[in-house]
Amino acid sequence: MKIIVSSLIVISLFTSCVDKNGFDNFNFTPEQEQWENNQINSRINDDQQLQGTVTAVYLNKVMPNLYKEGEYFYISLYLKDSSQELTFTLNDQPSIYLEKLPNNDEFKKFTNTTNKWNRYYLVGFLEQKDDDTLSLEVKNEKLFSNKMVFKKDE
C-alpha cells in the first residue's frame, strides 16, 4: 500500500509540471523570449587564458520583419584589453556591415544587463542561402572565441 501511494505522489508531481517551461516564472514579452532563445555566450581566449567574453543574438529570428536581407547579429563584447580590435566571421566569411552601438541602443529593452565596460555592435553578413547552420566566430591574430552555432530554421 505504501508503494502505491508513494508511486501516485511521484507521478502526480512529475505530471503537474509538464506544461511549464523555463520562462513561465519571468515576465518576458514574446520578443524578449525570442531574444533569450537566440542568444549564445562564448569566451574569448588567447593561447593561455581567458581574455574576455562575447554574447551574440541572432536578430533574424528575434525581429524577422526588420532583419530579412542577410544575416544579422547583436554582439556584446568584453575584453580585458579594450584596445584590441576583433573581426567577426560567419561560416568563415567576413562581415559586410559593422556598426558600433552606444550603451543605450535600441536593443537594451531586450537585455537584462548593461555594462559601461562592454562594447556593443550590430554585425551583418551576406545571406547564407545554402546553410541551415550559422557558425559565428570572433577573433584577431591573437584572440579567438569558440564557434557560436545558430540554426536558421527551427
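Here region 110-121 is the region considered, the condition is being touching a residue at least 40 places away in the same chain (Cβ under 8 Å) and not β-branched (Val, Ile, Thr), and the residue that is nearest to residue 29 (Cα to Cα) is 110. Of all residues being over 12 Å from the mean Cα position of the chain (by Cα) and in contact (Cβ under 8 Å) with a residue 40 or more places away in the chain in region 50-59, which is surrounded by the fewest Cβ atoms within 10 Å (Cβ to Cβ)? Just the residue, please. The residue in question is 51.
For region 134-144, the tally of residues that are among the polar types (S, T, N, Q) and modelled with pLDDT of 95 or more stands at 1.
Yes or no, residue by residue, for (1) over 21 Å from residue 52 (Cα atoms); (2) in contact (Cβ under 8 Å) with a residue 12 or more places away in the chain; (3) touching a Lys or Arg at 6+ places or on another chain (Cβ under 7 Å):
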{"residue": "68", "(1), (2), (3)": "yes, no, no"}
{"residue": "72", "(1), (2), (3)": "yes, yes, no"}
{"residue": "76", "(1), (2), (3)": "no, yes, no"}
{"residue": "90", "(1), (2), (3)": "no, yes, no"}
{"residue": "103", "(1), (2), (3)": "no, yes, yes"}
{"residue": "123", "(1), (2), (3)": "no, yes, no"}
{"residue": "129", "(1), (2), (3)": "yes, no, no"}
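Among the residues of region 84-105, the ones that are among the basic types (Lys, Arg) and part of a loop (DSSP other than H, G, I, E, B) come to 0 in all. When residue 123 is tested against the conditions (1) open to solvent by less than 40 Å² (accessible area, probe 1.4 Å); (2) over 15 Å from the mean Cα position of the chain (by Cα); (3) under 20 Å from residue 44 (Cβ atoms), the lone failure is (2). Filtered by the rule that a residue be buried (at least 16 other Cβ atoms within 10 Å of the Cβ), among the charged types (D, E, K, R) and within 15 Å of residue 44 (Cα to Cα), region 68-120 gives a lone residue, 119. Being modelled with pLDDT under 95 and among the β-branched types (Val, Ile, Thr) is the filter; apply it to region 64-119 and report the residue that is nearest to the chain's Cα centre (by Cα). Of everything passing the filter in region 64-119, 75 is nearest to the chain's Cα centre (by Cα). No other residue among 99, 85, 141 is under 24 Å from residue 32 (Cβ atoms) and either in contact with a Phe, Trp or Tyr (Cβ under 6 Å, 6 or more places away or on another chain) or of a type outside the set (S, T, N, Q) (or both) apart from 99.
Considering (1) open to solvent by 20 Å² or more (accessible area, probe 1.4 Å); (2) at pLDDT 90 or above, the lone condition that residue 42 does not fulfil carries the number (1).
The values are calculated or read from the model by the stated rules, or taken from the named source; none is laboratory data. Quantities reported herein were computed from a predicted structural model and do not represent experimental measurements. Using ideal geometry, Cβ is built from the backbone for each residue, glycine included, and neighbour counts are taken over all protein chains shown. SASA here: full protein model, heavy atoms, side chains in, ligands and nucleic acids out. Shrake-Rupley method; radii C 1.70, N 1.55, O 1.52, S 1.80 Å.
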